[in-house]
Every structure is written in structure tokens, then in C-alpha cells.
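Note sheet for the following structure.
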Amino acid sequence: MTAHSFALVIVFTTFWGLIGIAGPWFVPKDPTAGLIITMLVATAVCCYLFWLIAILAQLNPLFGPQLKNETIWYVRFLWE
Amino acid sequence: MGSLFRSEPMCLAQLFLQSGTAYECLSALGEKGLVQFRDLNQNVSSFQRKFVGEVKRCEELERILAYLVQEIHRADIPLPEGETSPPAPPLKQVLEMQEQLQKLEVELREVTRNKEKLRKNLLELIEYTHMLRVTKTFVRRNVEFEPTYEEFPALDSDSLLDYSSMQRLGAKLGFVSGLIHQGKVEAFERMLWRVCKGYTIVTYAELDESLEDPETGEVIKWHVFLISFWGEQIGHKVKKICDCYHCHIYPYPSTAEERREIQEGLSTRIQDLYTVLHKTEDYLRQVLCKAAESVYSRAVQVKKMKAIYHMLNMCSLDVTNKCLIAEVWCPEADLQGLRRALEDGSRESGATITSFMNTIPTTETPPTLIRTNKFTEGFQNIVDAYGVGSYREVNPALFSIITFPFLFAVMFGDFGHGFVMFLFALLMVLNENHPRLSQSQEIMGMFFNGRYILLLMGLFSVYTGLIYNDCFSKSVNLFGSGWNVSAMYSASHAPAERGKMALWNDSVVRRSRVLQLDPSVPGVFQGPYPLGIDPIWNLATNRLTFLNSFKMKMSVILGIIHMTFGVVLGIFNHLHFRKKFNIYLVSVPELLFLLCMFGYLIFMIIYKWLVYSAETSRVAPSILIEFINMFLFPTTATSGLYAGQEHVQRLLLAVTAMAVPVLFLGKPLFLLWLHNGRSCFGVSRSGYTLVRKDSEEEVSLMGSQDIEEGSTPLEDGCREVTCEEFNFGEILMTQVIHSIEYCLGCISNTASYLRLWALSLAHAQLSDVLWAMLMRVGLRVDKTYGVLLLLPVMALFAVLTIFILLVMEGLSAFLHAIRLHWVEFQNKFYVGAGTKFVPFSFRRLSWKFSDDRA
């Protein structure tokens, strides 16, 4: 894992960690608090997991994209 | 609001309603909607119950009110429906109301009848006037009229209708005149000709205006006819034929003065009738308007009264016949409210003895109550559609508030479509108090009831669309792609490194139609895209190869985590029902089975993602083959993922193999051992067993059940162990079936989660095809009219997006997400064999007149 990707993982982990772990402390103490806390934690877990799978799948690609020669020309001159 | 995690604890209460206060107490209970009544008179038919007379009276009142409403609607008077519903009427008012309503009904019916009679009369008079007017022209006209029938030779050529000549002949000339339907004229004429053989002369003319038929009320065209005949017998025949054809006959005046007199008389009578009719209609309208003011509240009151009497019919009479006993299910949190409602009711009826209640212990399963608000109601309904939760078991709806929209979004994953769905749902949520929207029926009603579900689904779809990098089938490049094309050119590398790599230059690129980037070339792959799938994959021709691998692995990972979560929720259930042995003998083997096999699969997937890269891609083993080889023990040892893989796999397989018999036999054997009083200890302490008797699983087996909260295990153990039968065979069979289902289900359910991949692929491809077939064709037109062409193309694109991609794909993904929850997730822990708590509440009666008329 490159340093770049490691930093990304840290950033996103903290982001969803804040929502999922720190968020419940800030929920007001009304009767629906249990519901809101469950929703926060579940959202954090689901979204973080989904993002994590997406980035792990691309961390070490075994093969690259196959581009048409037009696309290669376009990408070379417009993106780079 | 109670917790959504479990249903609320309930207790059975007995209400002692004194005869004077019963009605008021029930009215107070109905307003609050706290308790559910149990029917104590189940074997009594509805005609033999105590309050049958009162119910009949209510139904009579309802009938009168329905008639009133019908008349009011017929007269097109607006019927105001009040906002607040009045309480049920006290018994003293009921008689009064009944009298009033009956009097009103009688009056209405009389006035309506009179009105009908008057109108019929009026129509007849109008017909008579027309007839007189038209036949007058007959008589004049017939002077020149060529009769179509044979002339009698004895007559001279004068007009046949010359009165004096007829009388000279000594024959009695009769006339029959009247009106007949336009359609029947020809048949009538033909019949007359056939029957009377030419002894009659018929003349008829059409009336210009259509008149209303007094009997049927239709507006049709009439013909005025005049038949002249000789002789009595012909006269009878003619009259009979006229009757047969439903003609309206009116007396024909013999002289012109008579005719004039009659016409004048008629016109005055018609004028009078018009005035009387107008006055009657005004009076009727007045009566209806006055009734319309109070009809709504009366209808509500009558409905409430009827509901109260239905509930009273369910109570049984006390021995002393002075007190009604009712058994109700009441949530423990509402016991205070129940007491207060009884006190209020007693106070209102002014009785000296108040009604009271006390709770009684029971072995029956109470109904399930889960309090929801407008947000959680939709999700709870989805779970309840599969099965209402058993009493006090874990409620999956709490978690499906997030997991259901999430799994939907994994299958729907498009930023643009998700945003449109989110906006649609937001519109409904912001306008949820709009009366037309909240009362909509059928399809729009379904969407409205699910507005919060749609809102969350749209929101999560936006997120998964971001991760899939799919917005109306196009990717967005927010952070810069991780793939660098220039690095594939030989010019980017020092000549020393170029040796082993297949690099490009301009001629290579121009020659070959497709070229593949090689991540092992330094600089080509610069790191993963920070948020989701790299946008370069959208431009690649081998996009699906990469995406399929990614999505399949993602589906399997999500599925296994979802199912593990289900098994863990089962542990909570076992803890709550105090069956610790279930945790060790059922849940732990289940978890071990699932995790040793499929948890290891997840480990292999992640290991391969982390460890294998482009350099080692040639030797990267296929996960599927490795997984299959784990069970097959092939003779040719493949390289494997990591060192020591064989040993690890053998260990996991051993653990799994040991977990299976524990799952099959552990629980039945343990229960058998308990039942025999721990005889292996040598000391049998009769009755002093810590057996916690049973939950829903063993209901059918043991034949008795008790789920009592708060009672110590000791006394139950004493009571239960002696009196119930222990059917080892049935327990064993149930557990074997459950275990087989679980083990086979693990494999099939994991594969079932692959629908997450399948549907997201279908959605992406449909979206791509729509773009390629419509927008790309429209955008590629180079001429100037291309701009104008783009307008209908965009309209078609929008319409097809909404109908195919949003509605059809949305419904499809919704359905599959529901299936994943109902089957794959819930069969790990959910029993769902309960009944829903249905309180006696006036709020549940329908208040709309449209329902009455339906």
C-alpha cells in the first residue's frame, strides 16, 4: 500500500468513525434517541464498508483498462 | 414512544364495569385507544348476545343517516365534514336523536313522494297541451290530406273527418289521441292496420321537443297520433292496442270550443303546478340544508355508539348480573392510563360505584405491540407483511430502516437516478399535510405511504452512485484518475528500463484499435481513486471484466456480514428469553459454521486484494478454485494463496465438521438430560430444576408454554416439570430440520446475495444503452437542426429514464431487497408467529362518507 492510499484509508476511517462512534454522544435525550443512534451506527457501518470494499478492490490492480486508440489520444491530451 | 427493538410487555387485565357506567367507561377507553378486548362470548352467536337490540337500533340510525346523505348528495348540497370528532352520545341523548332522525326521515320521504307526484302530473298536462296543439293542425291539414287507406265507397270525396257527414252516415265516429314513443310508431301503425283492417285512420306527427317520460325519467322524442275509427268494437281493439304499446291517451275534444276551453284550463293548471313544484323543491332544499349541518357529527356519534355496543357484546355478565366483566390486553406502560379512563367514565355517568380493574396472570401469548411514528411505520409494515413478530422477540424493522435502503441502493447505484428519486420523495414528505395527497388512493397512496422509505432509498442511491461512479451512466472525474496513459509510451521511460516492457509509441497506437494499460509498468497506475471506482473504467472496453469481479466479491462480503448479523440478533433473543443453553448449543455452532467457511472466504478475498498485485498477477490464484479445493483435497497441490494455507484450511474444516453434530444433537440431548432431572449427578431433586420453560420454538412440541416476565425460575420449574410431556422425538426432528436448513441455507443464501451484483449490472447496462441509443445519437448530429432535434430526444430520454430506469428498475430492486431481508436475513433469527395488537380505538373507524357510499 502506498502512502497515498494509506492516508486515504485513515481519512475515511476517521470520518465514518466520527459519525458512527462519536455521533451517538451528541444525540439529544428524547425517546427516539435509541432509534437515531441505531440509524447513525448502521449508516456509518454500511457506508464505510462499501467505500472500503471499493478502494481495496482497486489497491493492487491485476490488469489495466483496455482503451480504444481514440480514447488513448483523448485521455493523453486532455487529462494529462 | 416505546423501543423499536422489542415489542412492549403486555398484561391481561380484568375490568369490572358496573352496569350503569359500562357505556361511559367504554366511551372513554375508545377515545384513548389503549386496550384490546378479548371476546368472552365466542360460542354465542351474534343474535343471542346481550346488546343485540342496541346494535340493531344503531344500524337503523345508520340507515336513516345513509338515506339522508344520499338525498343531500342528490340535491348537490355541500356536506361539511368536521375536523374534530364528537364523543359518543350519552344514553339520554340517544332516544332523542333517534326520534329526531326518524321524524326527519318520514318528512323527507313524504315531501319527496309529493314532489314526484306533482312532477308526474305536470308532465302529463304538458303532454296533453302538446297533443291538443298538434292534433289541431291535423284536423286542418287533413282537408288536403290524401288518406292512405281504402276509402269507403259510400263516402263522397269530402274529407273523411268532416263531422257532420259522419253523423249523417249514422256511424259513431270515435277518436283516440295521445302520444307514443318515436321508436314504436311504425310497429303501432302496422298493428293497427292488421287488426282493424282499414277501419281506422291514423295520423301522426313528430313533436319537436323531447319530453321527459314520467315513469322512467328519460328524455325522449314523442309522436302525437290521432286515430279515428267507426264502431264500438274497433274502438275497443284500438284502445287495447294503445295500451299494449304504452301510449299515453288523452281525451279528444269533439268541438273547437271544447278544445279551447280545455286548453285554457290546462294552461292555468300548469302554471299553478309550476309554482307548487317550486315551492316544494325550495322547502325540500331547506330541510336538507338544515340536516346537512349536523349529519356528519351524528354519523360519527352513531358509529362510535355501535362500536361501543360491539365491545360490550364481548363482555360476560357477572354472577350477580349487575356487573360486566371484560378481559383486555393492556400494555404495561398504559396501565395507569387505563385506570384513569375507568375513573373518568365512572365519573361521567355519575354512578356511585366506580368501575375498577385488576391484572391477572396468564399463560397465553399476548399480542405484539410496537409503537411506530410516521417515519418508522413504513419499515414496520414491510416486516409485518412477512409476519408479525412473536411476543417480545427482536424486531428486525429497527435495523432494516438502514439496511433495506442500503441494499436497494447497492442494486440501484446511480447518482442521477437516485437524486431524482430523492427529490420526488422529498416533495411528498414536505407536502405530507396536504389533504389531497394524504387521502390519495391506490398507486399514489402506496407511494405516499412509502415516502420515507423512498427518501432513504434515494439518499443511499446517491451515495452508492458516487462510489460506483455512475451518473446517468457517465462517470465523473473529481479527483483525477489513478491511471496514467502517457506512462505507457516509451518516451516516458529511460531507455534502460524499456527492455522488458511492451510500450507504445504513436504508430503502435494508430495501428491497433485497442490497447491495454499495464499496471506493472512504473507510473501507469498511480494509486487508487479516493472515492469509488476510477473514472477511466467508464472509457474502457474491458470495463465489465473489472466491475464484475469487484461487484461479485462485494455482494458476497455484504451478504455474509448481513447473515452473521442475523445470527447475532438471535443471540439477543436467547438472552432475553433466558435460554442460555441455546447460545452455546445453537448460536455458537451456527456462527462457527458460517464464519469458518464463509468468513474464511472473505479473508481470502481481502488477502488477495492486498497481497497480489500486477507483478504477481500471473500466479494469482482464483479464489473460487481455492475455495472449492478446500473441500476437495486435490492430489496436485496448487500454489495456494499463502504459505501454510493447507494447515489453516484443514483446521477450519475440522472446526466446521465438529460444529455440525453439535448443531444437530446438542440441544435435544441437553433438554433430555435436563428432563431426566440431571440423573447423572446421582441426586434427583424433585422439582428443583432450573429449567426455564419454553419459547415459541417448542410450543407445538411441549403443548404448553409460558412466557412470564419477572417470575423466578424456581416456582416455574417446580410446576412445569411435573405436568408437561417431553417428546424427545419431536424435539430432535425439529432441531435436525432446523440444522439442515441452516447449513444448506448458508451456501444457497450466500449465492443468493449475488443478486446485488446482477441487478446493479442490469441497471448500469440499461442506463448505458439508453444513453447510447438516445443522447449520444442526438448529440452527435453535426448539422444546425441538431439543436432542435435535441429537444425531443431529451424529452424521450427523460420519459424513458423515469419509466424504465426509475419505476421498473426501482420496483425490481425494491422487490429483491425485500426478498433478501425476508428470507436470507430473517430466517437466521426471526420467528414471526405473533398477532398484532389491535386496540379498541375510535381513531380506527373511517370518517369519510365516500367509504360509506362505496
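The values are calculated or read from the model by the stated rules, or taken from the named source; none is laboratory data. Everything numeric here is computed off the predicted structure, so don't read it as measured data. A quick note on method: Cβ atoms are made from the backbone with ideal geometry, for glycine too, and the neighbour counts reach across all protein chains shown. For accessibility, only protein heavy atoms count, side chains too; no ligands or nucleic acids. Shrake-Rupley method; radii C 1.70, N 1.55, O 1.52, S 1.80 Å.
Quick one: if the Förster radius is 22 Å, what FRET efficiency do B:Lys474 and B:Asp782 give, using the C-beta to C-beta distance and rounding to 0.05?
After rounding to 0.05, the efficiency reads 0.55.
Given a Förster distance of 56 angstrom, what is the FRET efficiency for B:Met191 paired with B:Glu59, based on the Cβ-Cβ distance and rounded to 0.05?
With R0 = 56 Å, the Cβ-Cβ based efficiency is 0.60.
What average count of beta carbons from other chains do you get within 10 Å of the Cβ of residues in A:69-76?
6
Would you be so kind as to identify all helices of chain B, as entire DSSP H runs, whose Cα atoms reach 27 Å or more along the helix's own axis and whose mean Kyte-Doolittle hydropathy is at least -0.5?
B:52-74, B:543-576, B:645-675, B:728-752
Scan segment B:474-540 for chymotrypsin sites (Phe, Trp or Tyr not before Pro) in coil per DSSP, keeping those whose Cβ has at most 14 other Cβ atoms within 10 Å, and list them by number.
Sites meeting the loop and neighbour criteria: B:Phe479.
Work out the mean other chain Cβ neighbour count within 10 Å for the residues of B:533-545 and drop it here as an integer.
Going residue by residue through B:533-545 and averaging, the value is 4.
Separation between the B:Leu791 and B:His236 pseudo-spin-labels, each 7 Å from Cα along Cα→Cβ, expressed in nm?
Using points 7 Å along Cα→Cβ, the separation is 8.3 nm.
Explain nothing, just the number: relative contact order of chain B, from Cα pairs under 8 Å at least 6 residues apart, as a whole percent.
The value is 19 percent.
Figure the gain on full extension for B:His246 and B:Leu277 (residue separation times 0.36 nm, minus the Cα-Cα span) and round it to one decimal in nm.
8.5 nm
Once the piece of chain linking B:Ser846 and B:Leu544 is laid out straight, how much longer is it, given 0.36 nm per residue of separation minus the C-alpha distance between them?
103.3 nm
Let me check something: with ligands and nucleic acids excluded, how do B:Glu590, B:Glu110 order by accessible area (1.4 Å probe), largest to smallest?
Per-residue accessible area, sorted high to low, gives B:Glu110, B:Glu590.
What does the convex hull of the Cα atoms of chain B come to per residue, in Å³, rounded to a whole number?
Per residue, the Cα convex hull of chain B comes to 339 Å³.
Grab the Cα-Cα distance for B:Ser3 and B:Lys290, subtract it from 0.36 nm times how many residues apart they are, and report the gain in nm with one decimal.
Gain on extension, B:Ser3 to B:Lys290, equals 98.4 nm.
Rounded to the nearest 100 Å², what's the accessible area chains B and A bury against each other, both chains counted, probe 1.4 Å?
4900 Å²
Calculate, for B:Ser297 and B:Val807, the FRET efficiency according to 1/(1 + (r/R0)^6) with r their C-beta to C-beta distance and R0 35 Å; round to the nearest 0.05.
0.25
Specify which residue in the list B:Val111, B:Ser739, B:Pro80 is farthest towards the positive end of the charge dipole of the protein assembly as shown, using unit charges on the beta carbon of Lys, Arg (+1) and Asp, Glu (-1), about the Cα centre.
Going by the Cα projections, it comes out as B:Ser739.
Normalising by the residue count of segment A:1-79, find the relative contact order in percent from Cα pairs under 8 Å and 6+ residues apart.
Relative CO of segment A:1-79 lands at 32 percent.
Among B:660-670, B:741-751, how do they line up by average Cβ neighbours within 10 Å per residue, starting with the highest?
Result, highest mean Cβ count within 10 Å first: B:660-670, B:741-751.
Please state, to two decimals, what the Cα-based radius of gyration of the protein assembly as shown comes to when divided by 2.2 N^0.38 Å (N = residues).
The protein assembly as shown yields a ratio of 1.48.
Provide the per residue accessible area, probe 1.4 Å, for chain B, rounded to a whole number of square angstrom.
Value returned for chain B: 51 Å² of accessible area per residue.
What average number of partner chain Cβ atoms lie no more than 10 Å from the Cβ of the residues making up B:518-529?
4
Set the bar at 21 Å for Cα to Cα. Now go through B:Lys32/B:Lys306; B:Lys306/B:Lys836; B:Lys553/B:Lys608; A:Lys68/B:Lys783; B:Lys56/B:Lys304; A:Lys29/B:Lys836 and name every pair that lies beyond it.
B:Lys306/B:Lys836; A:Lys68/B:Lys783; A:Lys29/B:Lys836
Please get the size of the charge dipole for chain B, origin at its Cα centre, with Cβ charges of +1 on Lys and Arg and -1 on Asp and Glu, quoted in debye to the nearest 20.
Using only the charged Cβ atoms, the result is roughly 1980 debye.
In Å and on Cα atoms, what radius of gyration and Dmax does segment A:1-79 show?
Spelled out, the Cα radius of gyration and Dmax of segment A:1-79 are 19.4, 61 Å.
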